[in-house]
Protein chains: 2
Amino acid sequence: MLNRSGGTKGGWVSTTVVIGIDLGGTDIKGGLVAHDGRVLERRIVATEAFGGPDHVVGRIIALAQSLRESAASRGIEVAGVGIGAPGSISSREGMIVSPPNLPRWDRVPVVEPVRSAISLPISLENDANAAVLGEFWRGAGRDCDDVAMLTLGTGIGGGVMLGGQLWRGRFENAAEFGHMIVEMNGVACKCGQRGCLEAYASATATAARATDRVWRGEASSLKTLLDRAGALTARDVVEAASAGDSLAAQVWDETCGYLAVACVNLQHVLNLERIILAGGMSAAGVPLLDGVRRHFDRLMWPDVGDRPQLVLAELGNDAGFIGCAYLALQAAGGERVGVA
Amino acid sequence: MLNRSGGTKGGWVSTTVVIGIDLGGTDIKGGLVAHDGRVLERRIVATEAFGGPDHVVGRIIALAQSLRESAASRGIEVAGVGIGAPGSISSREGMIVSPPNLPRWDRVPVVEPVRSAISLPISLENDANAAVLGEFWRGAGRDCDDVAMLTLGTGIGGGVMLGGQLWRGRFENAAEFGHMIVEMNGVACKCGQRGCLEAYASATATAARATDRVWRGEASSLKTLLDRAGALTARDVVEAASAGDSLAAQVWDETCGYLAVACVNLQHVLNLERIILAGGMSAAGVPLLDGVRRHFDRLMWPDVGDRPQLVLAELGNDAGFIGCAYLALQAAGGERVGVA
């Protein structure tokens, strides 16, 4: 197993460097990452999803090649590439199955074309799993073997490490935390279920709940913003709440309450050491963390001794490619890395 | 890892036999179990919990000794003892921490006194985990590595196997399925939370919901039964529902609905191959299984390919001591058992 502490004993005898690539609907993030987790270089290019799967796979290859050339110019050889991709992937077949934010992609092979173009070992992982691996290795999950991460954005995803290992599930579809049902017979979720966490506590759902109440005529400082911008964001809601707006505070508090229910339920199922709040909404910082913690303490049974730490993610948008680098290091025999 | 298929190649060259003991609030079940899972003998004695911890531990020792003597009379040597106990246990310290149905027990050492009395290796496990190990080995979880079990009785407990290993959790308190919150701000649960699965879908809660509605004057065949017996059971409810009573059918359907929400949420978190419905309520059989399956199919997203099998437990009250025997076999080097 990879030495998570990084660093070598007895000085820099050798350095293994890998490439981590995080494919998103808007952009592709890539980085050169050393065996101890240091990011030597990061690059971002537009996904250009409109060009279709072949075009995007070509852009992944070009990004990997440019990072490899950059490494070569410093005399460093790259040991492998890890790729994170949205939605379902088949690691066995090396393909992206049906990414929600890359329309018209269906079972697109990725591992084979990238491998044949650049002749390096290629690993493929779901992007939510890659992000939890990144935080586990170098971020908010350091020194912690049993950790779940809730990724809060337009939707809600996540990942879970048990005993220091990623738990992918029987059908490689574990940690779909956004689709835990938190309201019996609740509002429709775009997944087809009703009452999903995502339908109440995602950034989208939070903004929609506030918008709805302002439209219905409730008094709020958000009214001016809505009239001017035509739409609200979760950031608008949390900022207005922090500035003392009562409606915004209620909406934000509801969001934190639903997230806390999810954390309580995760704890009763998995009995974790730590739960990480990540994704775009985690940029809200203290208002998110304090809100979720307050509701968690209210909702969770009073037994001491089995409460998880609730923390914010630390790596931001870098978590995905850093986690992919971790995978690439493992594939490259990372077990032996970090010990001189 | 223990060969779950049991049986020896090339005939009965050798047989490893262990003792499994399942401590309950009312009785203590014990069995002599062969390496292939055959139950050679089973015995039940009263717990006599009124006598206090020392008395009960003495009864465990006496039961183990009588089973060992029975084995000796057939020329069989016992390789070890596995003990399952209610509530929290500390496997490291070999003690029962605070069993809910053994009042006034607090941190009672079990492993050491039993070991010194009978000089055999002793394993200790939580009873819910022991039961899932039993079903995993010889019951409804056969040929399945990723399985959760919901134990439905007075309360709701459970256990979970991931990748063929029991997942105990960071604080040895995983799989507390009964305390997943299924109703925000719902009814009070005796654990101190509100809206727990157990407070809606346990046998106790099911009977209480029916009783409440009959008392409030709703028409039901259960009225006569309630007047005569003074109380209803979950069995009364499911029998009346099967006989066509409309109120009973509604109450039972609600119970199945809540259980299905729990199964959906477990699936989104863990992505399992199979979910086993066990415990006293699983004796209801088809009305339970069909009810939970129907609601599960209604509630779970329509994606094919990641649905768990929902099944009934197969071992009944034997699951606990059989699972304890499995533990004892593993401790006795079960890896080498079952291959001549």
Legend entry - Index of the failed condition, residue A:326 passing every other in (1) more than 30 Å from residue A:64 (Cα to Cα); (2) among the aromatic types (Phe, Trp, Tyr); (3) surrounded by 23 or more Cβ atoms within 10 Å (Cβ to Cβ): (1)
Legend entry - Qualifying residue in segment A:311-334 (condition: within 14 Å of chain B (Cβ to nearest Cβ) and either at pLDDT below 95 or in a helix (DSSP H, G or I) (or both)): no
Inset, instruction - Go through segment B:200-231 and count every residue that is free of Cβ contacts under 8 Å to residues at least 24 places away in the same chain, surrounded by 11 or more Cβ atoms within 10 Å (Cβ to Cβ) and not in a helix (DSSP H, G or I). - result: 0
Inset, instruction - Confirm whether residue B:261 is within 12 Å of another protein chain (Cβ to nearest Cβ) and either modelled with pLDDT of 95 or more or closer than 24 Å to residue A:176 by Cα (or both). - result: yes
Inset, instruction - Say whether the condition of being out of contact with any strand residue (DSSP E or B) (no Cβ under 9 Å at 6 or more places or on another chain) and either within 12 Å of another protein chain (Cβ to nearest Cβ) or assigned to a helix (DSSP H, G or I) (or both) is met by at least one residue in segment B:272-280. - result: no
Legend entry - Matching option when the condition is surrounded by fewer than 19 Cβ atoms within 10 Å (Cβ to Cβ), assigned to a helix (DSSP H, G or I), at pLDDT 95 or above and among the charged types (D, E, K, R), among B:41, B:69: B:69
Legend entry - segment A:130-180 - residue that is touching a helix residue (DSSP H, G or I) at 6+ places or on another chain (Cβ under 8 Å) and among the basic types (Lys, Arg) and, of those, nearest to the other protein chains (Cβ to nearest Cβ): A:168
Inset, instruction - Could you tell me whether residue B:192 is within 11 Å of chain A (Cβ to nearest Cβ), within 21 Å of residue A:298 (Cα to Cα), at pLDDT below 95 and surrounded by fewer than 19 Cβ atoms within 10 Å (Cβ to Cβ)? - result: yes
Inset, instruction - Being free of Cβ contacts under 8 Å to residues at least 60 places away in the same chain and among the acidic types (Asp, Glu) is the filter; apply it to segment A:273-305 and report the residue that is surrounded by the most Cβ atoms within 10 Å (Cβ to Cβ). - result: A:303
Inset, instruction - Sort out which residues of segment B:116-145 are more than 20 Å from residue B:308 (Cα to Cα) and of a type in the set (A, V, I, L, M), and write them in order of number. - result: B:117, B:118, B:120, B:122, B:124, B:128, B:130
Inset, instruction - Scan segment A:172-180 and give yes if some residue there is within 19 Å of the chain's Cα centre (by Cα) and assigned by TED's automatic domain parsing to the domain that holds residue A:68, otherwise no. - result: no
Inset, instruction - Go through segment A:281-310 and count every residue that is at the interface with chain B (Cβ under 9 Å from one of its Cβ atoms) and over 18 Å from residue A:175 (Cβ atoms). - result: 8
Inset, instruction - Identify all residues within segment B:92-113 that are touching a Gly at 6+ places or on another chain (Cβ under 9 Å) and of a type in the set (A, V, I, L, M); write none if there are none. - result: B:96, B:97, B:102, B:110, B:111
Inset, instruction - Could you grab the pairs with beta carbons closer than 7 Å, sequence gap of 6+ or different chains, first residue in segment B:28-46 and on the phi > 0 side of the Ramachandran plot and assigned by TED's automatic domain parsing to the domain that holds residue B:57, second one β-branched (Val, Ile, Thr) and buried (at least 22 other Cβ atoms within 10 Å of the Cβ)? - result: B:37/B:322
Inset, instruction - Answer with yes or no whether residue A:251 is more than 14 Å from every other protein chain (Cβ to nearest Cβ), assigned to a helix (DSSP H, G or I) and closer than 30 Å to residue B:187 by Cβ. - result: yes
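The values are calculated or read from the model by the stated rules, or taken from the named source; none is laboratory data. Since we're looking at a predicted model, the values are computed, not measured. Every residue, glycine as well, gets a Cβ built from its backbone with ideal geometry; the counts of neighbours run over all protein chains shown.
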